[in-house]
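Written below as C-alpha cells is the structure these notes are about.
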Amino acid sequence: MADAKKPAQGPDTQFSENEVLARIESILRFTTDELANSEVRAQAFEKLTEFEAQLLYQQRNISTALENVQKYRDEIEKEWHKEKQVRENTLDLMAQRMKDLHQTLRAQEYLLDYAAGEQKFLRELLVQLHNKKSLTEQDVEKILGEHEQLLAELSRKAKK
C-alpha cells in the first residue's frame, strides 16, 4: 500500500469533473449573489441619493421660509418702532400744546387781574373826584402811589 498513489497536492493536481463543476457552480452562485447584491446596493444608493436630494430641496424651502419670516418680523418691528415714535411725538406735541395753553390761560388770568385792578383803581379815583370835586397835589401823588402798588402786586403775582 505504500505504492498507492495519492493525488499530488501541487499545481499539477487534478480534480474530478464533478468537483470542477461544483466549484464553477459555486463561483457562479457567488457571482450571481454578488451581482444581485450589487444591484440592490445600487438601487439603495440611488434611493439614498434621491432622498438626499429631496432633503436638500426641503431644507432650501425651509431656509427660504425662515428668511421670509425673519424679514417679515423685521418689517413688523420697524413699523412698530415707527408707530411708537409717532405716538411719542404726538404725546410730546400734546404736552407742549397743553403747556402753551396753560401759559396762555395764566397770561389771560394776569390780564384779567390787571384789568380788574385798573377798574377798581379808576372807580376809586372817580369816587374821590366826585366827592372832592378837585384833587390836590397830595391826593394825586397818593393815587399814583396806590396805582404803582397795584402794578407791583400784579407783577409779583405774575412772577409766581
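The values are calculated or read from the model by the stated rules, or taken from the named source; none is laboratory data. Everything numeric in this text was worked out from a predicted model, so none of it was measured. All Cβ positions, glycine included, derive from the backbone under ideal geometry; neighbour counts span all protein chains shown. We work out accessible area using only protein heavy atoms, side chains counted, and drop any ligands, DNA or RNA first. Shrake-Rupley method; radii C 1.70, N 1.55, O 1.52, S 1.80 Å.
Couple of notes before you dig in:
- Residue within the stretch 47-70 that is assigned to a loop (DSSP other than H, G, I, E, B) and either modelled with pLDDT of 95 or more or not hydrophobic (A, V, I, L, M, F, W, C) (or both) present: no
- Flag: residue 132 matches the condition of being open to solvent by 90 Å² or more (accessible area, probe 1.4 Å), within 30 Å of residue 148 (Cα to Cα) and not polar (S, T, N, Q).
- Residue count, the stretch 126-160 (criterion: within 20 Å of residue 116 (Cα to Cα) and among the β-branched types (Val, Ile, Thr)): 2
Listed here are the residues, each with its yes/no results for (1) over 30 Å from residue 154 (Cβ atoms); (2) open to solvent by 100 Å² or more (accessible area, probe 1.4 Å); (3) more than 27 Å from the chain's Cα centre (by Cα); (4) not polar (S, T, N, Q).
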| position | (1), (2), (3), (4) |
| --- | --- |
| 40 | yes, no, yes, yes |
| 47 | yes, yes, yes, yes |
| 52 | yes, yes, yes, yes |
| 58 | yes, no, yes, no |
| 64 | yes, no, no, no |
| 74 | yes, no, no, yes |
| 96 | no, no, yes, no |
| 106 | no, no, yes, yes |
| 110 | no, no, yes, yes |
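- Taken over the stretch 138-150, residues that are at pLDDT below 80 and exposed (fewer than 14 other Cβ atoms within 10 Å of the Cβ) amount to 1.
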